[in-house]
Amino acid sequence: MQTLTVIYRNLRQRWLSTCLTAISIALGVALVTAITSMRQQAQANFDNVAASYELVVGAKGSPLQLVLNTVFHLDVPVGNLPYDYYRKLKADDRVAYAIPLALGDNYRGFRLVGTEREYFELVKLKDGQPVSIAEGRAFTADYEAVIGSVVAREAKLALGQTFVARHGVEDTVAAEEHEDAPFTVVGVLRETGTPLDRVIFISLGSVDEIHRDSSPAQNNQNLLDQLNALPAESDTTASPPEAEDKHHHHHHHHKKPSTAPATTTAPTPSAPPMGDKPAPTASATTIDEVTSIIVKLRSPGYLFLMQREINKGKDAQAALPGVEVQKLFAIVGTVDRALLLMSVLVVVVASVSVLVAIYNSLAERRREVAVLRALGAHRRTIFGWLVWEAAITAALGGLAGVVGGHLLLAAAGSSLKFLSGLPLAPWTWTRLEVGPAWLTAYVPFEVAVVAGTLALGAVMGLLPAALAYRTNVARHLSD
């Protein structure tokens, strides 16, 4: 108790130096804690979401981009697939279910995803629960929408309310609004803690109709009406009809509507190798293309076989979400390790300030040390006091840094959830990843960090303590 009293008194006498030193250590520790915790939670969340999807099929391109777009609703689509490709894939005997997704619009940054009603019955999350609806019902007609929990909360949408979508998967000021095609909210999904919480689900027919409503002929006619309504003395020169015919509404997942009869069909695209089950008859809904397809197989044994067969074809690619997530974090891991290295260097440099602070104060404390020695304090006792003083200063910084790191996560958690739909738990323990099995299994990362700063501070206190140990009592008492 006497040792702790002396250490507390010494730290209090130099409270400004002690606080500044602890804060410098805390900054580095906060970065290490925040980066490590965020990476672990993000990887766990990505793995959990990816485990809900067996196979994702889309246009040729980057498989990682396909997974990010289809599973996590991030990035932009890689391209489109003919609707007939989806129908033939669904008819394969090895496929338990195949559900199409079609993208192209957003509302306040929340993506509209066209799909079939069976999505809410067949797609299961990692816990085995379906994507169930908490309020209302699934859409039964075009221009009806089922929204995620984050959409309902952030956009302040409720059952029965309407909204107007913007063209494009990203929310931009210049994006065209589909003012003539408002959607009505008919359902709200239960909160899942996944990217589905920030998605607006609509029917495939809605995706098709909302862009057919903005067909070239209609756009040209509206423009000509406006030009004809201008005063005769206006200097505005109307563009010839040939130029106006070139203006049409672009949409990245629908072909230009044709004026040919509905019975005219395009040549059937080549399909992946399928089973003997015949393809179903043509659907009455005139859907041209889909962005991607979620596939569930009847047996896991078909997984890699089906992936290879589809990838060998020229029309589509198949990606395994779990594999692509691992590739993603292998790429991110390089940056993550660089950030951690810089954070550790900040902690080490800050710990040197402990040595400097105690060393600078030692000149003023020579007489104090000599008095304590004259009163009977042993050299080892003086040595221990200074080592513990340095260790406690560093440990205080480590403790403050751990708390600060979790405060950073708490502050950033809502923003990250809004952007990705993946939640962060800022006050959960972080797993220790380095060390023997018994250590990583029972010791949290935060405890190891505080203990590490304590040990680092003690090392930094060895030099001042050694100088104090060698203090000449007689000479400093006579000064």
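The values are calculated or read from the model by the stated rules, or taken from the named source; none is laboratory data. Given the structure is predicted, the values throughout are model-derived calculations rather than measurements. Neighbour counts are summed over all protein chains in view; Cβ atoms, including those assigned to glycine, are modelled from backbone coordinates with ideal geometry.
Looking at Pro195, is it under 23 Å from Ser52 (Cβ atoms), under 20 Å from the mean Cα position of the chain (by Cα) and surrounded by 13 or more Cβ atoms within 10 Å (Cβ to Cβ)? Yes: the conditions hold for Pro195.
Take the conditions (1) over 30 Å from the mean Cα position of the chain (by Cα); (2) under 26 Å from Thr453 (Cα atoms); Ser343 misses just one of them, which is (1). Taking the numbered list (1) out of contact with any helix residue (DSSP H, G or I) (no Cβ under 8 Å at 6 or more places or on another chain); (2) without any contact (Cβ under 8 Å) to a residue 12 or more places away in the chain in turn, Pro130 passes all entries but (1). Annotation: of all residues in the stretch 343-375 being among the small types (Gly, Ala, Ser) and under 19 Å from Met460 (Cα atoms), the one that is surrounded by the fewest Cβ atoms within 10 Å (Cβ to Cβ) is Ala363.
If you take the residues in the stretch 406-437 that are in contact with a strand residue (DSSP E or B) (Cβ under 9 Å, 6 or more places away or on another chain) and part of a loop (DSSP other than H, G, I, E, B), which one is surrounded by the fewest Cβ atoms within 10 Å (Cβ to Cβ)? Filtering the stretch 406-437 for residues that are in contact with a strand residue (DSSP E or B) (Cβ under 9 Å, 6 or more places away or on another chain) and part of a loop (DSSP other than H, G, I, E, B), the one surrounded by the fewest Cβ atoms within 10 Å (Cβ to Cβ) comes out as Trp429. Restricting the stretch 89-115 to residues that are surrounded by 21 or more Cβ atoms within 10 Å (Cβ to Cβ) and of a type in the set (D, E, K, R) leaves a set whose member that is farthest from Glu179 (Cα to Cα) is Asp92. Looking at Ala338, Ala370, just one residue is closer than 15 Å to Ala466 by Cα and either modelled with pLDDT under 85 or assigned by TED's automatic domain parsing to the domain that holds Glu433 (or both), and that residue is Ala370.
Applying a threshold of 8 Å to beta carbon distances and a minimum spacing of six or more residues, or different chains, the list of pairs starting in the stretch 460-479 at a residue that is at pLDDT 85 or above and ending at one that is acidic (Asp, Glu) reads Gly461/Glu389. For the stretch 123-140, a tally of residues being under 17 Å from Ile202 (Cα atoms) and surrounded by fewer than 16 Cβ atoms within 10 Å (Cβ to Cβ) returns 4.
Kindly list the number of the only condition in (1) farther than 26 Å from Leu416 by Cβ; (2) touching a Gly at 6+ places or on another chain (Cβ under 6 Å) that fails for Gly114. Failed condition: (2).
Tell me yes or no: at least one residue of the stretch 122-132 is in contact with an Asp or Glu (Cβ under 8 Å, 6 or more places away or on another chain) and among the β-branched types (Val, Ile, Thr).
Residues of the stretch 122-132 in contact with an Asp or Glu (Cβ under 8 Å, 6 or more places away or on another chain): 130.
Then drop every residue that is not among the β-branched types (Val, Ile, Thr), which leaves none.
No, the stretch 122-132 has no match at all.
Among the criteria (1) without any contact (Cβ under 8 Å) to a residue 24 or more places away in the chain; (2) within 18 Å of Lys417 (Cβ to Cβ); (3) assigned to a loop (DSSP other than H, G, I, E, B), the one Asp171 does not fulfil is (1).
Pick out, from the stretch 53-159, the strands (runs of 3 or more DSSP E) lying fully within it that include 1 or more residues that are in the same structural domain as Asp171 (by TED's automatic domain parsing) and charged (D, E, K, R). Please lay out each step first, then the result.
Values: elements: 55-58, 95-107, 110-115, 133-136, 144-147.
Because the criterion is at least 1 residues that are in the same structural domain as Asp171 (by TED's automatic domain parsing) and charged (D, E, K, R), the strands (runs of 3 or more DSSP E) in the stretch 53-159 that meet it are 95-107, 110-115, 133-136, 144-147.
Filtered by the rule that a residue be outside any helix (DSSP H, G or I) and surrounded by 12 or more Cβ atoms within 10 Å (Cβ to Cβ), the stretch 294-342 gives Ile294, Val295, Lys296, Leu297, Arg298, Gly313, Asp315, Ala316, Gln317, Ala318, Ala319, Leu320.
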